[in-house]
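Participant: Quick one: the structure is below, questions incoming.
What follows draws every value from the coordinates through simple rules; no lab data is involved. Computed from a predicted structure; not experimentally measured. Heads up, the Cβs are rebuilt from the backbone with ideal geometry, glycines too, and the neighbour counts pull from every protein chain shown.
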Amino acid sequence: MLKILTSTFMLIPLTWYSKKPWLWLNTTMHSFIISIWSLTLLYHDSDLGYNYNNYFSLDSLSGPLLILSCWLLPLMIIASQNHLAHEPLVRKKIYLTTLIILQLSLIMAFTASELIMFYILFETTLIPTLIIITRWGSQNERLNAGLYFLFYTLMGSLPLLVALLYLHNNLGSLHMLTMTLVAPTLDSSMSTSLLWYACMMAFMVKMPLYGLHLWLPKAHVEAPIAGSMVLAAILLKLGGYGIMRITAFTEPFTSTLCYPFMILSLWGMIMTSSICLRQTDLKSLIAYSSISHMGLVIIAALMQSPMGFMGATVLMVAHGLTSSMLFCLANTNYERTHSRTLILTRGLQMILPLMCAWWLLASLANLAQPPSINLLGELLVIMTSFSWSNFSLILLGTNTVITAVYSLYMLITSQRGKFTDHIYPIKPTLTREHMLMTLHLLPLLIISTCPKFILGVTY
Amino acid sequence: MIRRALQVGFSRGLLTRGLRTRSGGPFNDRDGKWAEFKKKLQVFWPGGSWEPFTDTSHLPPEHADVVIVGGGVIGWSVAYWLKRLEARKNALRVLVVEQDPTYSMASTGLSIGGIRQQFSLPQNIQLSLFSIEFLRNINEYLAVPDEPLLDIQFNPSGYLLLASEEKAAVMEHNVKIQRQEGAKVCLLSPKQLKDKFPWINTEGIALASYGLENEGWFDPWCLLQGLRRKALSMGVYHSHGKVVNLVSSVRSMMTSSGEQVDLKRIYEVHVKVDNSLECQPVECAIVINAAGAWSGEVAELAGIGIGSPGTLQGTRLPVEPRKRYVYVWHCPEGPGLEAPLLTDITGSYFRREGLGGYYLGGCSPMEEEEPDTKDLEVDHDFFQKKVWPYLAQRIPAFNSLKVRSAWAGFYDYNTFDQNGIVGPHPLVSNMYFATGFSGHGLQHAPGVGRAVAEVLLNGNFNTIDLNPFSFNRFYRGKKVLENNII
């Protein structure tokens, strides 16, 4: 554990001591080395995982998520090079430091073995993200976006704090290893329901669940590219991870109390997918698509079945990479035309054909094309939801169709057709951008050859 | 009826504000309350003038998809049509930047508001035909809920163009083209002219063309306000300020003949706010130059025309302001209500103004006698020497008249061929032009707005083909001349 933590922490002096020509190279290289090392954590030989010490442990659920967040740091740094090019050196370093602090909190959050520590780090991730959104976003609405993001999450997580303190009092310890052995003595009363909802709300807001999702389109659209990437890829998964951990404590009640969230997720997936079809802003389209995919994860996580947990984990990892890649692609458009509107950047296949290849692959991954792991996750979720209720198949099937429709709509509008006159002299694709897309896509394709590493605890 | 019943029934309750408004409750007038709160705070806590949250509502937004430079009738027409033709609601963020909110020097308000189809270019005729259809149905296009309807005050009196012996053949040819496009124009011989309008002295006239329908004059201010109101209601942003800088990213490329060409893309527009030193950079994807008489200056900001002459790089936008005078006089013995807008063979024109025996008119000066364009001061001698004699000769009743007032306005004069420039620039790829109409911009505004919106959203002209009006003709030297310039 110290291998990751100390090295990530040392990235901060690395940024501050780097000279100007070396800044980006140093940070990218070193964070990339850390992420390559973290790939060794893919191998788990026992159900208990790795236990480094009292505070940090890693099992086959948190392992893939940790690797995902380590992998994304160099990608975020690569993607931010352009929009930070004109800023003074100190401000670039502050930006990188904020990203690294966020990374540290994420690493510790995923490897935390005590639930209170997880909660503290869950809250800690809010602050660097808020700084990135409100300081480096590009429009006036970002203040509003930051406000929504902060207060939605805080409102959700305050009850969680109370619930965790109660559980700690009740059980004596909130360590992950002990939670399977000790069950709280809960009776089926109103206070238990409240306890259950208190535990769940924070993660539902984070996921986000359909009724609590208003912060996400705002935050994603107004954030700079690194902010969008980390939000879509990792921070949303904190919610899913949290649900899967905390439901161990509330054992017999989840199957009855999860109904509202299941219904909201099932309906919400279709709603947000349909909203995608009407979006005019490219980033907003991808943000709503994230909500739709996370709805599937909520369904799977609340099912508490082995297949469900497998589906949730796979979908989280797959969506992290796909969504982050789509945001990077949208950002390449934005950097060239300075507009996020979908209709102003059309017909790019003629002008940037290689980028079209990346758009195609990302869109196909988004719509769960076989043999990608997105499909694996969706299929597992559909199977587990069908076992819960036969009728949910209709809703899930509709969602799959609409997901395909909007992914293809996004692809066709941005790539095919006649290009608008004012686009033809845009800069050709930089190698840095190609590398960014490759680094997103390569893990996605390689994992699909052997998905057992990311299938989580119940494989 | 239901609304009235509800109001009677619930007058004290939920629906005192009507069915369509929404109150923000304690958040109504947030900015006003914040300003009051700051004032109260200053009483207790007098400090410096630094404040953490300054009110920036007067600044344009930091980002807009399309920035339209120029808030005259062409600018607002483009904004309206962009919002109307966009595929989904709120797809585009459009910002209109106008340097003078009083429109004191803008061509729109100072125009006499004439509309005619008697042009020699088919495109001009088609634009006028669409515009008159737009104006006749203006409330179907521009009505805003809960606001009064527009009254464009269209006087369908027609245009009467007179031609001498040498120009008669051209006029006949033009009328043929106009009829082909669908304009209703008739040709009159001098005898027919005298029968129809007995107050004309037909000496020297060989032929006259008279617009029977869809020609006349209207209130330009009403059109501008109507377009503006509707565009604002559709979500167009506007800002009062002057565009001082256009920042672009440059790609230098080499043509096959070894010449270096700079392909530019404007990505930021710097807007300097009125009466203030604040300059707001607006990040944009597309800039539309609808600045009228000042379009040449705006084009230079983008670097158009800065280069060796004869190259595409060095081809400037040949639009400059030209001052034109309009005089209003009173003549009780004058032509009366039936008088069309008459254009004499000498170039002077007049039309009836109102119902009290007032007329207005003027004349385009010769190239050599162009007045200077520093300001809008009127030269009354021009009327005495260049307008009155010819008008008095043509209409004997005008021998005794009394000039009541006069004003001057600018033509956004295209020195190359006196026709508009519509479409993108070949090198600065995201600057679109909609300017240079040399006196017939107002009557073409609805059509031009729609054309620019089409070329921006679809990539080509769908309804009226304005390809001959592109910027390329300045480089190629192909003039698109209009014979009937007033």
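Participant: Any idea what the dipole of chain A comes to, in debye rounded to 20, about its Cα centre with Lys/Arg Cβ at +1 and Asp/Glu Cβ at -1? Can you show the working numbers first?
Facilitator: Details: 22 positive and 15 negative charges, 284 e Å.
Dipole magnitude for chain A comes out near 1360 debye.
Participant: Using a simple charge model, +1 on the beta-carbon of Lys and Arg, -1 on the beta-carbon of Asp and Glu, nothing else, what dipole does the protein assembly as shown show about its Cα centre, in debye to the nearest 20? Please report the intermediate quantities before stating the final value.
Facilitator: Details: 72 positive and 66 negative charges, 190 e Å.
Using only the charged Cβ atoms, the result is roughly 920 debye.
Participant: Does the stretch A:1-449 come out rounded, prolate or oblate by the C-alpha gyration tensor, with a ≥ b ≥ c the root eigenvalues, rounded set by a/c under 1.5 and, if not, prolate when a/b is larger than b/c and oblate if not? Let's see the in-between values first.
Facilitator: On the way: a/c = 1.75, a/b = 1.28, b/c = 1.36.
Since a/c reaches 1.5 but b/c is at least a/b, the shape of the stretch A:1-449 is classed as oblate.
Participant: Can you give me the angle between helix B:122-136 and the longest principal axis of chain B, using Cα atoms only, in degrees from 0 to 90, rounded to the nearest 10?
Facilitator: Once rounded, the angle reads 60 degrees.
Participant: Let me make sure I get this right: for the protein assembly as shown, a, b and c are the square roots of the gyration tensor eigenvalues over alpha carbons, sorted descending. Under 1.5 in a/c it's rounded, otherwise prolate if a/b > b/c, else oblate. Which is it?
Facilitator: Details: a/c = 2.62, a/b = 2.25, b/c = 1.16.
The shape class here is prolate.
Participant: Let a ≥ b ≥ c be the square roots of the eigenvalues of the Cα gyration tensor of the stretch A:356-453; is it rounded (a/c under 1.5), or, if not, prolate (a/b larger than b/c) or oblate?
Facilitator: Working: a/c = 4.85, a/b = 1.62, b/c = 2.99.
Judged from the Cα gyration tensor, the stretch A:356-453 comes out oblate (a/c at least 1.5, b/c at or above a/b).
Participant: Would you please name the chymotrypsin sites (Phe, Trp or Tyr not before Pro) within the stretch A:362-455 that are DSSP coil residues with at most 13 other C-beta atoms within 10 Å of their C-beta?
Facilitator: Answer in residue order: A:Phe391.
Participant: To continue, here is another question. Packing-wise, with mean Cβ within 10 Å as the measure, how do B:58-70, A:368-380, A:25-37 rank, highest first?
Facilitator: Taking the mean over residues of other Cβ atoms within 10 Å, the ranking is B:58-70, A:368-380, A:25-37.
Participant: What average number of partner chain Cβ atoms lie no more than 10 Å from the Cβ of the residues making up B:258-267?
Facilitator: Values: counts 0, 0, 0, 0, 1, 4, 1, 8, 2, 5.
Per residue, the number of nearby Cβ atoms from other chains is 2 on average.
Participant: When you look at the Cβ of every residue in B:80-89, what mean number of other chain Cβ atoms sits within 10 Å?
Facilitator: Values: counts 0, 0, 0, 0, 0, 0, 3, 4, 7, 2.
Mean partner shielding for this stretch: 2.
Participant: Given R₀ = 30 Å, what would the calculated FRET efficiency be for B:Thr255 paired with B:Glu300, taking r from the Cβ atoms and rounding to 0.05?
Facilitator: Rounded to the nearest 0.05, the efficiency is 0.85.
Participant: How shielded is B:454-467 by partner chains, expressed as the average number of their Cβ atoms within 10 Å of its Cβ atoms? Numbers along the way, then the final one.
Facilitator: Working: counts 0, 3, 5, 4, 5, 9, 3, 0, 0, 0, 0, 0, 0, 0.
Mean partner shielding for this stretch: 2.
Participant: Moving on to the next point. Ordered by residue, what ³J(HN,Hα) values in Hz, to whole numbers, does the stretch A:439-454 give under the Karplus form 6.51 cos²θ - 1.76 cosθ + 1.60, where θ = phi - 60° and Gly and Pro are x?
Facilitator: Per residue, the Karplus-derived 3J(HN,Hα) values read 5, 6, 7, 4, x, 4, 6, 5, 5, 5, 6, 9, x, 5, 5, 10 Hz.
Participant: Let me ask you something else. For the stretch B:78-110 and the stretch A:249-278, compute the distance between their C-alpha centroids and round to whole Å.
Facilitator: Going from one Cα centre to the other spans 44 Å.
Participant: Further, regarding this structure: Efficiency by 1/(1 + (r/R0)^6): what FRET value for B:Phe37 and A:Glu87, r their Cβ-Cβ distance, R0 = 51 Å, to the nearest 0.05? Don't skip to the end; give the middle numbers.
Facilitator: Values: r = 34 Å, r/R0 = 0.67.
Taking R0 as 51 Å, the efficiency between B:Phe37 and A:Glu87 is 0.90.
Participant: Still on this structure, I have one more. Helix A:392-415 against the longest principal axis of chain A: what's the angle in degrees, Cα atoms only, rounded to the nearest 10?
Facilitator: 20 degrees
Participant: Follow-up question, since we're still on this one. So if I place +1 on the C-beta of Lys and Arg and -1 on the C-beta of Asp and Glu, and nothing else carries charge, what would the dipole magnitude of the stretch B:253-376 be about its Cα centre? I want it in debye, nearest 20. Don't skip to the answer; put the middle values down first.
Facilitator: Numbers: 10 positive and 19 negative charges, 50 e Å.
Here the stretch B:253-376 has a charge dipole of around 240 debye.
Participant: Which of B:Thr415, B:Gly436, B:Phe154 sits farthest toward the positive end of the charge dipole of chain B, with +1 on the Cβ of Lys and Arg and -1 on the Cβ of Asp and Glu?
Facilitator: Among B:Thr415, B:Gly436, B:Phe154, the one farthest towards the positive end of the dipole of chain B is B:Phe154.
Participant: Measure nothing but the geometry: give the 0 to 90° angle between the long axis through the Cα atoms of B:220-233 and the longest principal axis through the Cα atoms of chain B, rounded to 10°.
Facilitator: 30 degrees
Participant: Considering only Cα-Cα distances, which of the following residue pairs are longer than 31 Å: A:Lys206/B:Lys33; A:Lys418/B:Lys323; B:Lys83/B:Lys264; A:Lys19/A:Lys283; B:Lys40/B:Lys89? Please report the intermediate quantities before stating the final value.
Facilitator: On the way: A:Lys206/B:Lys33 34 Å; A:Lys418/B:Lys323 42 Å; B:Lys83/B:Lys264 26 Å; A:Lys19/A:Lys283 34 Å; B:Lys40/B:Lys89 42 Å.
Distance filter (> 31 Å) returns A:Lys206/B:Lys33; A:Lys418/B:Lys323; A:Lys19/A:Lys283; B:Lys40/B:Lys89.
Participant: Where both partners of a DSSP beta bridge lie in the protein assembly as shown, what percent of those bridges are antiparallel, to the nearest 5? Before the final figure, lay out the partial values.
Facilitator: Details: 62 of 83 bridges.
Of the beta bridges lying entirely in the protein assembly as shown, close to 75 percent run antiparallel.
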